[in-house]
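I have placed the structure first, in the form of structure tokens, so that the comments after it can refer back to it.
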Amino acid sequence: MSRIGKLPIAIPSGVTVTLNDGVVNVKGPKGELSQKVDSSIIVKIADGHITFEVDENSPVNYKQKQAFHGLYRALVNNMVVGVSEGYKKVLELVGVGYRVSNQGNLLEFSLGYTHPIFIQLPKEVKVETKSERNQNPLVILESCDKALLGLICAKIRSFRMPEPYKGKGVLFQGEVIRRKSGKTAAAK
């Protein structure tokens, strides 16, 4: 049995969880999410808790059932936390002349290329940009869907990945880049 999978999930107040034909729906103050659960996992909702059990009669092999046990428990837990508290990521643009601005959910980046980069964010993600004098520009992203938020952050980071020589690029706030020393002069 998976150590993660056997932990029950407490349902906070204001959050409703329903199960219909193998699909778990979670609704809360921050939004609504749903996740299809594999048939080899039994989901039970009772007494303000969600529990997951492995169906021993399922034709799926044992190792796959164990992996699904922990996976679906983690996914549903992320949904419950997301609709009750939400997730927030802060990206920092480190580099001379790097700028960002937004109009609604349309972000415009200036990252040292010859052209600006535009990205349209889905309506489930709230975005805010901050540009203060003598500080790096910030992009603040909030959403109830952890997977979607991570995907968007990865896409934004791919525009200018952090590099180890000068430390420039799009970083998560507080992220430390291991710096490398550049070329050294040849010894004479």
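Sort through 30, 44, 65 and tell me the only one that's within 21 Å of the chain's Cα centre (by Cα) and of a type outside the set (Asp, Glu).
None of the others qualify; the one that does is 30.
Return the only residue of 182, 112, 97, 167 being touching a residue at least 60 places away in the same chain (Cβ under 8 Å), part of a loop (DSSP other than H, G, I, E, B) and over 23 Å from residue 31 (Cβ atoms).
Only one candidate passes the filter, namely 167.
Return the residues of segment 37-67 that are without any contact (Cβ under 8 Å) to a residue 40 or more places away in the chain and hydrophobic (A, V, I, L, M, F, W, C); say none if nothing qualifies.
Across segment 37-67, the qualifying residues are 37, 41, 42, 43, 45, 46, 60.
Within segment 23-49, which residues are at positive phi and assigned to a strand (DSSP E or B)?
Here is the first cut: in segment 23-49, the ones at positive phi are 31, 47-48.
Within segment 23-49, just 31 meets the criteria.
Quick one: which residue in 100, 80, 76 is open to solvent by less than 80 Å² (accessible area, probe 1.4 Å) and under 25 Å from residue 173 (Cβ atoms)?
Numbers: 80 fails: under 25 Å from residue 173 (Cβ atoms); 76 fails: under 25 Å from residue 173 (Cβ atoms).
So the residue among 100, 80, 76 that is open to solvent by less than 80 Å² (accessible area, probe 1.4 Å) and under 25 Å from residue 173 (Cβ atoms) is 100.
Do you know which of the residues in segment 121-150 that are among the charged types (D, E, K, R) and touching a residue at least 40 places away in the same chain (Cβ under 8 Å) is least open to solvent (accessible area, probe 1.4 Å)?
Out of the qualifying residues, it is 145.
What about residue 91, is it of a type outside the set (Phe, Trp, Tyr), surrounded by 18 or more Cβ atoms within 10 Å (Cβ to Cβ), at pLDDT 95 or above and touching a helix residue (DSSP H, G or I) at 6+ places or on another chain (Cβ under 9 Å)?
yes
Residue by residue through segment 17-62, note down the ones that are of a type in the set (Val, Ile, Thr) and surrounded by fewer than 12 Cβ atoms within 10 Å (Cβ to Cβ).
The answer is 18, and nothing else.
Considering every residue within segment 50-69, establish whether at least one is in contact with a Leu (Cβ under 8 Å, 6 or more places away or on another chain) and either outside any strand (DSSP E or B) or modelled with pLDDT of 90 or more (or both).
no
The values are calculated or read from the model by the stated rules, or taken from the named source; none is laboratory data. Treat the numbers as computed from the prediction; the structure is a model and nothing was measured. We place every Cβ from the backbone using ideal geometry, glycine too, and count neighbours over all the protein chains shown. With ligands, DNA and RNA removed, areas are computed over all heavy atoms of the protein, side chains included. Shrake-Rupley method; radii C 1.70, N 1.55, O 1.52, S 1.80 Å.
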